[in-house]
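Okay, structure first, notes after.
The values are calculated or read from the model by the stated rules, or taken from the named source; none is laboratory data. Keep in mind it's a predicted model, so treat the numbers as computed, not measured. FYI the Cβ positions are ideal-geometry reconstructions off the backbone, even for glycines, and counts take in every protein chain you see. Surface accessibility is based on the protein's heavy atoms, side chains included, excluding ligands, DNA and RNA. Shrake-Rupley method; radii C 1.70, N 1.55, O 1.52, S 1.80 Å.
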Amino acid sequence: MLICTAGFGTAVIFMDRLPSSLRAFGDGIPVLAALAFVVGVLVGWAIRLVRPRSVLLSFFAALFAAAAVPGGLIVMGAYVFSTVGAQRFGADTAAAPLTLQGFLDALPGAARQFWNSLDPSWPLPAIMAAAALPAFVLVLSRALRLRRTGRHAAAEKPQRDPEETAEKEPEPEYRAPFEPLQPPKADPTATGSFFLPPDRGQA
């Protein structure tokens with residue numbers, strides 16, 4: 001999201017290099033919406049790389065993509081304040097070079113100006129929706145597909161026969177008719193005694 005925020009702000013800064021007819025079309029809203037759509041696709045694909053299975057993650061993806069739009073506009077404002085802000089003292093004043101400290105110092109002022117100039121009309125929400133929609137759809141489709149694949153794999157898993165899984169009971173010892181039940185003879189060698197002779201009859 002931070003990378004897309006910086007990229008969106010940089011693209012807005014260099015929008016003045018586009019043809020004037022393209023920038024003037026629809027007050028520049030279609031161009032910004034196209035940039036926001038690219039941001040949403042990038043955020044959505046980045047989250048898809050972690051193989052998400054939670055549907056709730058799609059809402060976070062939409063939130064991250066939508067937040068990149070005002071974040072990019074604030075980045076653009078901070079860049080303008082820290083570089084060309086010195087031109088307010090005269091048209092011939094050279095633009096100050098961009099420095100990290102100057103950019104960080106200009107961020108709070110850019111955020112305040114963005115908040116004060118925030119218009120509750122439809123352009124900004126529409127641009128944010130253009131970023132949130134692809135991120136939401138990409139992550140949600142991946143999560144639903146993984147869940148559906150997991151359910152199919154569980155359903156197609158062969159189930160073992162309950163008769164095979166049941167523990168087999170030992171078969172009773174076969175005895176001839178009218179044969180009395182005799183307990184098995186103890187093996188003298190099992191007692192560990194070397195002085196008792198083996199049972200020759202049993203052998």
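Looking across segment 3-25 at every residue that is at pLDDT 85 or above and aliphatic (A, V, I, L, M), the one that is most open to solvent (accessible area, probe 1.4 Å) is identified as Ile3.
Within segment 43-54, the residues that satisfy the criterion of being part of a helix (DSSP H, G or I) and surrounded by fewer than 19 Cβ atoms within 10 Å (Cβ to Cβ) are Trp45, Ala46, Arg48. Within segment 3-28, the residues that satisfy the criterion of being among the aliphatic types (A, V, I, L, M) and either in a helix (DSSP H, G or I) or closer than 13 Å to Ile127 by Cβ (or both) are Ile3, Ala6, Ala11, Val12, Ile13, Met15, Leu22, Ala24. Residues in segment 115-155 that are modelled with pLDDT of 85 or more and within 16 Å of Leu32 (Cα to Cα): Pro123, Leu124, Pro125, Ala126, Ile127, Met128, Ala129, Ala130, Ala131, Ala132, Leu133, Pro134.
A search for C-beta distances below 6 Å between a residue of segment 46-73 that is touching a residue at least 60 places away in the same chain (Cβ under 8 Å) and any residue that is in a loop (DSSP other than H, G, I, E, B), counting only pairs 6+ apart in sequence or on different chains, returns Phe64/Met1; Ala68/Met1. The selection criterion, being of a type in the set (S, T, N, Q), buried (at least 20 other Cβ atoms within 10 Å of the Cβ) and more than 12 Å from Met128 (Cα to Cα), holds for Ser58. Under 9 Å by Cβ, and 6 or more places apart or on different chains, what pairs join a residue from segment 1-16 that is among the charged types (D, E, K, R) with one that is not in a loop (DSSP other than H, G, I, E, B)? Here the result reads Asp16/Arg23, each pair linking segment 1-16 to a residue that is not in a loop (DSSP other than H, G, I, E, B).
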